Amino acid sequence: MERYQGKSVFGGIAIGCLRLHRKDEQQVTRKKVEEPAREKERFLAARDTAVEQLQGLYEKALKEVGESNAAIFEIHQMMLADDDYLDSVTNIIEGQGVNAEYAVAVTSENFSNMFASMDDEYMKARAADVKDISERVIAVLSGQQDGLLQSDEPCIIVADDLAPSETVQMDKEKVLAFVTVHGSVNSHTAILARTMGIPALIGTSLDLDAGLNGRQAVVDGNAGYLYVDPDEETMERMMDLRREEEERKKLLLELKNKESVTLDGKHVMTYANIGDMKDLALVLENGAEGIGLFRSEFIYLESQTFPTEEEQFKIYKTVAETMAGKRVIIRTLDIGADKQCDYFELAKEDNPAMGLRAIRICLTRPEIFKTQLRALFRASAYGKIAVMYPMITSVSEVKKIQEIVAEVKRELTEEKISYGQVEQGIMIETPAAAMISDLLAKEVDFFSIGTNDLTQYLLAIDRQNQTLDDFYDSHHPAVLRMIKLTVENAHKEGIWCGICGELGADLSLTRQFLAMGVDELSVSPGRILPIRKIIRETDTTAL
Ligand code: PEP
Ligand code: MG
């Protein structure tokens with residue numbers, strides 16, 4: 001067995017034979033021509049044919065991978081209409097009196113080198129596009145067919161690199177996975193592979209001359225490995241993983257667009273927890289009904305200094321727009337304890353989990369808090385944004401927050417900056433908040449129970465301390481009773497109550513949470529559908 005590591009572009013397990021894909025080497029020679037004007041016409045006709053072929057590819061891609069991914073073939077058509085590109089080719093033909101193939105090849109080389117030397121990653125990636133369109137024109141000029149990569153048996157395609165046009169031409173039924181030696185994670189080929197949902201590895205250190213064709217292989221797109229001639233144990237392990245994956249996919253297909261409603265008709269919101277905009281694709285892929293916890297502190301943690309209002313606004317706006325009217329609950333910064341940020345210059349504390357953290361920082365340094373609130377309220381004009389405050393322990397904290405929020409809204413109104421209706425919620429993650437949840441419920445629009453911290457404070461067990469794992473009983477009756485109490489108090493005041501801590505994703509408790517009347521479960525995207533399945537199979541009147 002041989003094992004090769006690559007960068008994973010899309011996860012999943014593929015088992016099958018390797019098939020080596022080599023580009024037809026287009027040998028272009030420089031030839032003098034008698035009539036450059038006719039050569040120019042020949043070039044323009046070939047260009048038109050190439051544009052027609054690209055239109056065909058665009059239509060195929062549109063059906064298979066959607067409009068945004070198909071757009072690359074529109075861009076390729078536009079590149080073939082670009083004046084600089086056309087001028088370069090025709091100048092070489094006319095100026096040097098040479099054949100069109102040669103003029104296109106030289107232009108391709110010059111332009112792709114120019115793009116490759118740019119600093120911008122997006123522009124760098126365009127070098128491959130110029131080469132791709134130029135090879136197409138040269139193929140037309142030299143009478144080659146627009147060859148599809150054909151294969152009778154489904155197989156794992158191995159190549160040095162793949163152009164988007166090659167990728168999309170492949171028969172999806174016949175391609176199990178892609179493995180390439182080159183390529184970038186952000187290339188359109190990688191994007192297409194992701195959208196086609198095919199396991200794909202790039203940057204794999206393979207020797208393409210080592211007789212790979214036809215050999216049995218496994219691509220583990222999750223771990224980023226290619227196994228050639230896998231041994232029995234690896235094969236069994238991979239087959240198990242593939243089975244699990246197939247079950248997950250089946251679940252996905254069945255439940256993705258279904259509502260999270262119990263047999264007796266109670267809707268329980270199944271939301272996603274995210275820490276980053278990068279998680280949004282998974283949120284959509286797993287059919288989340290909204291975002292229940294956006295840990296905004298990651299924006300601060302990833303920054304070298306305080307993120308500006310504008311920087312934050314852009315992020316919140318993108319998330320709100322992407323979620324297209326679904327609720328997006330953004331938690332204000334929860335810095336402190338295990339999430340330390342140097343530029344906050346927080347004093348060293350003996351017991352940071354019980355120190356100056358989260359809302360306590362915001363209330364002592366309102367200028368930081370107001371910047372975030374302004375960004376959040378401005379972004380609320382672009383979607384359904386709700387704001388949630390962490391580490392609340394008292395009604396007076398909520399009142400102070402309300403004053404600052406009122407100030408921010410007043411300022412925005414004076415500045416004629418629009419904002420939407422922003423629901424205001426709090427996290428119930430301290431025992432104090434749970435115990436006075438009857439009073440807090442009068443002040444806010446919703447509760448979200450942070451079971452990670454609630455358990456830590458309730459059981460007096462540092463959640464970071466691994467040596468205490470045996471004592472950290474997340475199913476402790478005290479925790480479950482506090483959740484029940486909080487839900488009851490929320491409902492008495494007519495507000496909803498969810499869970500966004502890790503316990504919300506514990507499938508062994510889902511039915512118990514439903515019995516308590518929990519209205520929302522916000523979990524990591526991959527857990528949404530298993531939870532939805534239980535919700536849909538439960539009759540809460542029988543609990
Ligand atoms: C929690 O405490 O349960 C929670 C969701 O917040 P975090 O894990 O970010 O502290
Ligand atoms: Mg917490």
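In summary, the convex hull built on the alpha carbon positions of the stretch 1-147 has an orientation-averaged projected area of 11.5 nm². Among S117, A100, M238, flag the residue with its Cα farthest along the positive direction of the charge dipole of the chain, charges on Cβ as +1 for Lys/Arg and -1 for Asp/Glu. Result: M238, furthest along the dipole toward the positive end.
Express in nm, to one decimal, how much length is gained between E246 and L301 on full extension, taking 0.36 nm for each residue of separation and deducting their alpha carbon distance.
Working: separation 55, 0.36 × 55 = 19.80 nm, distance 3.65 nm.
Here the segment from E246 to L301 would lengthen by 16.2 nm.
Among the trypsin sites (Lys or Arg not before Pro) in the stretch 278-384, those placed in a DSSP loop whose Cβ has at most 15 other Cβ atoms within 10 Å are K348. The charge dipole of the chain, taken about its Cα centre with unit charges on the Cβ atoms of Lys, Arg (+1), Asp and Glu (-1) only, comes to about 1320 debye. Normalised by 2.2 N^0.38 Å, where N counts its residues, the alpha-carbon radius of gyration of the stretch 384-541 equals 1.13.
Out of T486, Y472, I426, whose Cα points farthest toward the positive end of the dipole of the stretch 394-543 (charges: +1 Lys, Arg; -1 Asp, Glu; placed on Cβ)? Positive-end residue among those listed: T486.
Lysine pairs in the stretch 384-543 whose alpha-carbon atoms fall under 27 angstrom of each other, counting only those eight or more residues apart or on distinct chains, come to 21.
The calculated Kirkwood hydrodynamic radius for the stretch 325-431 is 14.6 Å, given to one decimal from all distinct C-alpha pairs. Across the stretch 1-126, Cα pairs under 8 Å and at least six residues apart give a relative contact order of 28 percent.
Enclosing the Cα atoms of the stretch 466-530 in their convex hull gives a volume equal to 97 cubic angstrom per residue. Taking only the alpha carbons of the stretch 273-392, we obtain Rg and Dmax values of 14.3, 44 Å in that order.
To the nearest 20 debye, what charge dipole does the stretch 155-240 have about its Cα centre, counting +1 at the Cβ of each Lys and Arg and -1 at the Cβ of each Asp and Glu?
For the stretch 155-240, the charge dipole is close to 420 debye.
Per residue, the stretch 340-465 exposes 44 Å² of accessible surface when a 1.4 Å probe is rolled over the protein heavy atoms with every protein chain present. Helix 100-116 and the longest principal axis of the C-alpha atoms of the chain enclose an angle of approximately 30°. What separates the Cα centres of the stretch 256-279 and the stretch 300-322 is a distance of 25 Å.
Angle of helix 309-322 to the longest C-alpha principal axis of the chain, folded into 0 to 90 degrees and rounded to 10: 80°.
What does the accessible area per residue of the stretch 1-150 come to in Å², with a 1.4 Å probe and no ligands, DNA or RNA counted?
It amounts to 55 Å² per residue over the stretch 1-150.
Looking only at the stretch 59-80, which residues have a backbone nitrogen under 20 Å from a spot 7 Å from the Cα of H182 in the C-beta direction? It comes to 76, nothing else.
Keeping all protein chains in place, calculate the accessible area per residue for the stretch 171-310 (probe 1.4 angstrom), answer in Å². Mind dumping the intermediate values first?
Working: 6810 Å² over 140 residues.
Averaged over the residues of the stretch 171-310, the accessible area is 49 Å².
Expressed as a whole percentage, what fraction of the accessible surface of the chain belongs to carbon and sulfur atoms when a 1.4 Å probe is rolled over the protein heavy atoms?
The C+S portion of the solvent-accessible surface of the chain is 49 percent.
Counting only Cβ charges, +1 for Lys and Arg and -1 for Asp and Glu, the dipole size of the stretch 296-363 around its Cα centre is about 400 debye. Looking at the chain, the DSSP beta bridges with both ends there are about 30 percent antiparallel. The helix-only estimate of mean residue ellipticity at 222 nm for the chain, built from DSSP H runs of length n ≥ 4 each weighted as -39500 (n - 2.57), is -14500 deg cm²/dmol after division by the residue total.
Ligands, DNA and RNA excluded, the heavy atoms of H182 present near 100 Å² of accessible surface to a 1.4 Å solvent probe.
Give me the angle, in degrees from 0 to 90, between the Cα long axis of helix 232-255 and the longest principal axis of the Cα atoms of the chain, rounded to the nearest 10. Helix 232-255 sits roughly 70 degrees off the main axis of the chain.
Below 8 Å between Cα atoms, with a sequence gap of 6+, how large is the relative contact order for the stretch 461-537 in percent?
Once divided by the residue count of the stretch 461-537, the mean separation gives 25 percent.
Sorted into 20 angstrom bins from 0, the C-alpha pair distances of the chain split as 18, 41, 31, 10, 1 percent. Applying the Karplus relation 6.51 cos²θ - 1.76 cosθ + 1.60 with θ = phi - 60° to the stretch 202-211 yields 3J(HN,Hα) values of 10, x, 8, 7, 9, 9, 5, 8, 8, x Hz, where x marks Gly and Pro. Simple rule: put +1 on each Lys or Arg Cβ and -1 on each Asp or Glu Cβ in the stretch 292-414, find the dipole, and look at A406, I299, C341; the Cα lying farthest toward the positive end is A406.
Short to long, the 10 Å bins of the Cα pair-distance histogram for the stretch 226-293 hold 18, 31, 27, 18, 6, 0 percent of all pairs.
Relative contact order of the stretch 187-252, please, whole-number percent, based on alpha carbon pairs below 8 angstrom and at least 6 residues apart.
20 percent.
Between H475 and H491, the contour length at 0.36 nm per residue exceeds the Cα-Cα span by 3.5 nm.
The values are calculated or read from the model by the stated rules, or taken from the named source; none is laboratory data. What you see is a predicted model, and the numbers here were worked out from it, not measured in a lab. Reconstructed Cβ throughout: ideal geometry from the backbone, glycine too, with neighbour counts over all protein chains shown. In case anyone asks, the SASA skips ligands and DNA or RNA and just uses the protein heavy atoms, side chains included. Shrake-Rupley method; radii C 1.70, N 1.55, O 1.52, S 1.80 Å.
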